[in-house]
Amino acid sequence: MATPIIMPKFGQMTEESAIVEWLKKEGDQVAAGDILFTVETDKSVMEVESFEAGTLIKIVVPPKVNVPVQSTVGFLGKPGEPIPAVTAPAPVTPKKAEASPVLAASAPRPATQAAPAAAVTAAVAPAVSVTAAAAPSAPAIFRISPRAAALARNSVIDTTRIKGTGPEGRIVEKDVRNYLQERGYNKLRISPAAKQRAAQEKLDILSVTTTGGDNRVTMADIERALAERPRTMSKMRQIIAQRLTQSVVTAPHFFVTVEADMTDLVKFRSELKARGAPYTVTDFISEAVVLALKEFPDVNSSTDGKSIRWNSKIHLGIAVSLEQGLVVPVIRNADDLTLAELNLRTKELAEKARAGKLGPDEMSGSTFTISNMGMMGVENFTAIINTGESAILAVSSTVKKAVVRDDKVVVRSIMKITLSADHRIIDGAMAARFTNAIKQKLEDIELWKRLTS
């Protein structure tokens, strides 16, 4: 009996996911523990392994299609084994079909087309019965004569921009020739390679901006135009955009910045490193934040606008930048960890984040977040509060500055830290005291000697 392969639910808030790549193809043997495919969730790209051995006899959901979690994406079984009849539902967020630059003359388009293979809701029994999604209404009929279509196709232009003068708005050859003349097409000097590339990519030649000054359309012009095309955001970037927009709209942000003198701590860290203790600046900042949160529990709270919920435990989020977007690994129960344990856990989570190995529980549930751009030469910046938290700390680079100490101008290593706070929970005075508490701890070298002894 064929066994359905289910799209896992990676987190409590995850409602849909998209397969990035199938690592097995139909007909391949699969052993228990083999990686079947990778999935892009709202937080990262994760691997999905098989719990059973068998043959991949059917792939239901192709890559890059968003489907609900707990849906059937394929089947394992024996070669030749009957596959349960399934009707693939439409993707969760189907894209509108893009108009082709050149529409060949043909009969009117059918009202419905075969939907791409997508996931189906998993059932307890192998036989699955799913009602197909309602067919979209028929699009407006586009009319163009065969000669006009051939001319437009040869010219590599978008016919949807042409107004037809034939019966019922039909585009005829004369309309295409007039359009080409009006747009100065005949004055263009298009290289054969550029024309071929534009045709392959369905790029309207008339939309390309030339750079040579002599109406020459080169391959470089085509490549630049292709690079400027809108690109669909990854699932991760879409969710980041949605959540940060939600945070800015719902949480009234305000910001408090202080300068911490890191001179003594930087020197002390160098001494520790020479003794084989590989503490990072982030470790000291994280520990200082944890200690400050214990003193200011209201900052470790959240609100829905009607009530305030205090979090008794400190789950510290550390923002990590990846090529595909920003992830926030969470150090759970950071208030129970020693500085050494905090160092080890931070390194472990950062390595897993860069390798794409973070689990859902390691990327959710933070109560306070640190965004450290100190290694990027940033003098100062502000961060957006993560949804479900009341504040976030933005850490800038440590730079040498001339400052006044005991009425003397001296050079010190200064680091700016900026607290973004939700004004619904935190007022200005509390934000100032909390941020200065972090500063005082960072500057208290005796504190760090005790914590590292």
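The values are calculated or read from the model by the stated rules, or taken from the named source; none is laboratory data. Values in this document were obtained by computation on a predicted structure and should not be read as measured data. Don't worry about glycine lacking a Cβ; one is built from the backbone with ideal geometry, like all the others, and counts go over all protein chains shown. For accessibility, only protein heavy atoms count, side chains too; no ligands or nucleic acids. Shrake-Rupley method; radii C 1.70, N 1.55, O 1.52, S 1.80 Å.
Taken over region 339-362, residues that are open to solvent by 40 Å² or more (accessible area, probe 1.4 Å), over 12 Å from Glu287 (Cα atoms) and among the small types (Gly, Ala, Ser) amount to 1. Is it the case, given these coordinates, that Phe434 is without any contact (Cβ under 8 Å) to a residue 40 or more places away in the chain and aromatic (Phe, Trp, Tyr)? So Phe434 does not fit the description; no. Just the residues that are open to solvent by 20 Å² or more (accessible area, probe 1.4 Å) and farther than 23 Å from Lys267 by Cα, please, taken from region 408-453. Hits for region 408-453 are His423, Arg424, Ile425, Asp427, Gly428, Ala429, Met430, Ala432, Arg433.
Asp298 meets all of the listed conditions (1) closer than 15 Å to Leu447 by Cα; (2) under 32 Å from the mean Cα position of the chain (by Cα); (3) not small (Gly, Ala, Ser) but one, namely (1).
So if I check each of Ala340, Ala350, Ala355, which one is over 26 Å from Val69 (Cα atoms) and within 18 Å of the chain's Cα centre (by Cα)? The conditions single out Ala350. Determine whether region 297-308 contains at least one residue that is of a type in the set (A, V, I, L, M), part of a helix (DSSP H, G or I) and closer than 22 Å to Ala353 by Cβ. Checked region 297-308: no residue is of a type in the set (A, V, I, L, M), part of a helix (DSSP H, G or I) and closer than 22 Å to Ala353 by Cβ.
For Ser100, the criteria (1) at pLDDT 85 or above; (2) within 30 Å of Leu151 (Cβ to Cβ) hold in every case but one, which is (1).
Output the residue which, of all residues in region 66-79 that are surrounded by 21 or more Cβ atoms within 10 Å (Cβ to Cβ) and of a type in the set (A, V, I, L, M, F, W, C), is modelled with the lowest pLDDT.
Checked region 66-79; the qualifying residue modelled with the lowest pLDDT is Val67.
Tell me, yes or no, whether region 226-241 has at least one residue that is surrounded by 13 or more Cβ atoms within 10 Å (Cβ to Cβ), modelled with pLDDT of 90 or more and over 24 Å from Lys64 (Cβ atoms). The answer is no, given that none of the residues of region 226-241 is surrounded by 13 or more Cβ atoms within 10 Å (Cβ to Cβ), modelled with pLDDT of 90 or more and over 24 Å from Lys64 (Cβ atoms). The number of residues in region 320-338 that are part of a loop (DSSP other than H, G, I, E, B) and open to solvent by 20 Å² or more (accessible area, probe 1.4 Å) comes to 7. Please determine, by comparing only the residues of region 244-265 that are modelled with pLDDT of 95 or more and in a helix (DSSP H, G or I), which one is most open to solvent (accessible area, probe 1.4 Å). Result: Asp264. Of everything listed in (1) surrounded by fewer than 16 Cβ atoms within 10 Å (Cβ to Cβ); (2) in contact with a Ser or Thr (Cβ under 9 Å, 6 or more places away or on another chain); (3) outside any helix (DSSP H, G or I); (4) of a type outside the set (A, V, I, L, M, F, W, C), the single unmet condition for Tyr279 is (1). Here region 282-300 is the region considered, the condition is being in contact (Cβ under 8 Å) with a residue 40 or more places away in the chain and surrounded by fewer than 16 Cβ atoms within 10 Å (Cβ to Cβ), and the residue that is farthest from Asp335 (Cα to Cα) is Asp298. Is there a residue being touching a His at 6+ places or on another chain (Cβ under 7 Å) and hydrophobic (A, V, I, L, M, F, W, C) anywhere in region 299-319? No - not one qualifying residue is present in region 299-319. Out of everything in region 366-389 that is of a type in the set (S, T, N, Q), open to solvent by 10 Å² or more (accessible area, probe 1.4 Å) and at pLDDT 90 or above, what residue ends up being farthest from Phe255 (Cα to Cα)? It comes out as Ser366. Which one is surrounded by the most Cβ atoms within 10 Å (Cβ to Cβ), of the residues in region 165-224 that are part of a helix (DSSP H, G or I) and of a type in the set (Ser, Thr, Tyr)? Only one residue fits best here, namely Tyr179. The C-beta contact set for region 228-256 (first residue more than 25 Å from Thr435 (Cα to Cα), second residue among the small types (Gly, Ala, Ser) and open to solvent by less than 40 Å² (accessible area, probe 1.4 Å), distance under 6 angstrom, 6+ apart or interchain) comprises Lys235/Ala18; Met236/Gly325; Arg237/Gly325; Ile240/Gly325.
Do we find a residue being touching a residue at least 60 places away in the same chain (Cβ under 8 Å), more than 23 Å from Thr387 (Cα to Cα) and over 21 Å from the mean Cα position of the chain (by Cα) anywhere in region 308-329? No, because not a single residue in region 308-329 is touching a residue at least 60 places away in the same chain (Cβ under 8 Å), more than 23 Å from Thr387 (Cα to Cα) and over 21 Å from the mean Cα position of the chain (by Cα).
The residues of region 147-164 that are under 14 Å from Leu203 (Cβ atoms) and hydrophobic (A, V, I, L, M, F, W, C), listed by number, are Ala152, Val156, Ile157.
With the structure loaded, tell me whether Arg405 is more than 26 Å from the chain's Cα centre (by Cα), open to solvent by 50 Å² or more (accessible area, probe 1.4 Å) and farther than 30 Å from Lys273 by Cα or whether it fails that test. The answer is no for Arg405. The numbered conditions (1) free of Cβ contacts under 8 Å to residues at least 24 places away in the same chain; (2) of a type in the set (Asp, Glu); (3) closer than 25 Å to Asp422 by Cβ are all true for Glu341 except (3). Check region 28-44 and report whether any residue there is closer than 30 Å to Ser364 by Cα, open to solvent by less than 10 Å² (accessible area, probe 1.4 Å) and out of contact with any Gly (no Cβ under 9 Å at 6 or more places or on another chain). Yes - at least one qualifying residue is present in region 28-44.
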